[in-house]
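What follows is a single structure, written as C-alpha cells, with notes after it.
The values are calculated or read from the model by the stated rules, or taken from the named source; none is laboratory data. Just so you know, these numbers come straight off a predicted model, no measurement behind them. Cβ atoms come from the backbone with ideal geometry, glycine included; neighbour counts cover every protein chain shown. Quick note on the areas: whole protein, heavy atoms, side chains included, nothing else; ligands and nucleic acids left out. Shrake-Rupley method; radii C 1.70, N 1.55, O 1.52, S 1.80 Å.
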Amino acid sequence: MTDAGRDRSNPSDMGEGYPKYASAMIQDSFPDIEFEFVNLGISGNRTEHLVERLEKDFIEIQPDILSIMIGVNDVWHHHAFEMIETTDEYFEENLRKILSAIKEKTNAKILLIQPILLDVPDKMGMRPELEQKQAIFARLAEEYADVYLPMDKIFHTEAEEEPTYYAADGVHPTPDGACYIGEAYLRAVTPLIESLIED
C-alpha cells in the first residue's frame, strides 16, 4: 500500500500513512470480522520495482483484496534526478504485467488508487507528465480493477485552497491528508468487503 515509516520486518505494521487510518476505519465498520491487513509498500518504489516484487509480494500472499497506488515516483524521480525516466509505454507495460498476473494467478479483488500530486509550487512542473500516467492508470483500471478510486481528483476538489494542509510537499500526505485518503479508501473498499461476506 504505502511505506510511511512502517516496520518493514513486520508486514502487519501499517506505518503512519493512509493504511493506518484505512485499516482502523475498516475494522470499526466491520467489528464482527477478523481482518488481516498487510502493508508491503516501499518508499521510493516505481512500477518497475513492483514488477520485481510481483511473485513474492502479490502472488504468494493470495490476498482477498489487493490495493495499489503507484505512479508518482515514476514521474518525480524523472524530474528530481533527470536521468531516471519511466516512459508512458514502459509505465503501461509494467502495470499491465502486474495486473494481468494478479488476475491470472490470484482471486483477489483489485482496488486501484489514482496517484496524487497536490499543487504546491515546486512540483507544478510534474503535473503534465503525471496526468499522462494517470490516464494510463485509469484506462487499465477499466480493464482490470474491481474498483477505481480517483484520489487525485478527489483531493483537488477538497484541497484546492490549501493543498499543503493535506500534503506539505504535494506528494507525501500529512496526517490529515492520510486520514482523508483513509476515509475515501473505506468508501471504495466497502462494496468489495461486502461482496466477499455475501460469498
(request) Considering only protein heavy atoms, with the full assembly of protein chains and a 1.4 angstrom probe, order THR190, THR157 by accessible area, largest first. (result) THR157, THR190
(request) Quick one: which residues, 5 or more positions from LYS109 or on another chain, have an amide H under 5 Å from its amide H? H modelled 1.01 Å from N in the peptide plane, none for Pro or chain starts. (result) ILE65, LEU66
(request) Pull up the cross-link candidates among the lysines for LYS109, meaning alpha carbon to alpha carbon under 25 Å and not fewer than 8 places away within one chain. (result) LYS20, LYS56, LYS97, LYS133, LYS153
(request) Per residue, how big is the convex hull around the C-alpha atoms of the chain? Give it to me in cubic angstrom, could you? (result) 117 Å³
(request) Express the accessible area of the chain per residue in Å², computed with a 1.4 Å probe while the remaining protein chains stay in the model. (result) 51 Å²
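Pulled fully out, how much extra length does the chain show between SER100 and ILE136, if you take 0.36 nm times their separation in residues and subtract their Cα-Cα distance?
Values: separation 36, 0.36 × 36 = 12.96 nm, distance 1.48 nm.
Length gained, SER100 through ILE136: 11.5 nm.
Run lengths n ≥ 4 of DSSP H only: what is the helix-derived mean residue ellipticity at 222 nm for the chain, with -39500 (n - 2.57) per run over all residues, to the nearest 500?
Values: 7 runs with 97 residues, N = 199.
Counting only the DSSP helices, I get -15500 deg cm²/dmol.
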(message) Tell me the accessible surface of LYS109 in square angstrom (1.4 angstrom probe, heavy atoms of protein chains only), to the nearest ten.
(response) 50 Å²
(message) Taking amide H atoms as placed 1.01 Å from N in the peptide plane, list the residues 5 or more away in sequence, or in a different chain, whose amide H sits under 5 Å from that of MET69.
(response) ILE113
(message) If DNA, RNA and ligands are ignored and the probe is 1.4 Å, what is the ranking of PHE35, PHE91 by accessible area, most exposed first?
(response) PHE35, PHE91
(message) Using 0.36 nm times the number of residues separating VAL120 and ILE61, minus their current alpha carbon distance, what extension gain do you get?
(response) 17.5 nm
(request) Provide VAL171, VAL51 ordered by accessible surface of protein heavy atoms (probe 1.4 Å), highest first. (result) VAL51, VAL171
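Subtracting the Cα-Cα distance from 0.36 nm times the residue separation, let me have the gained length for GLU52 to GLU158 in nm, one decimal.
Values: separation 106, 0.36 × 106 = 38.16 nm, distance 3.50 nm.
Working it through step by step, the gained length comes to 34.7 nm.
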(message) What figure, in Å² to the nearest 10, do you get for the accessible area of ASP176 with a 1.4 Å probe and non-protein molecules left out?
(response) 80 Å²
(message) Only four residue types carry charge here, +1 at the Cβ of Lys and Arg and -1 at the Cβ of Asp and Glu. Report the dipole size of the chain about the Cα centre in Debye, rounded to the nearest 20.
(response) 300 debye
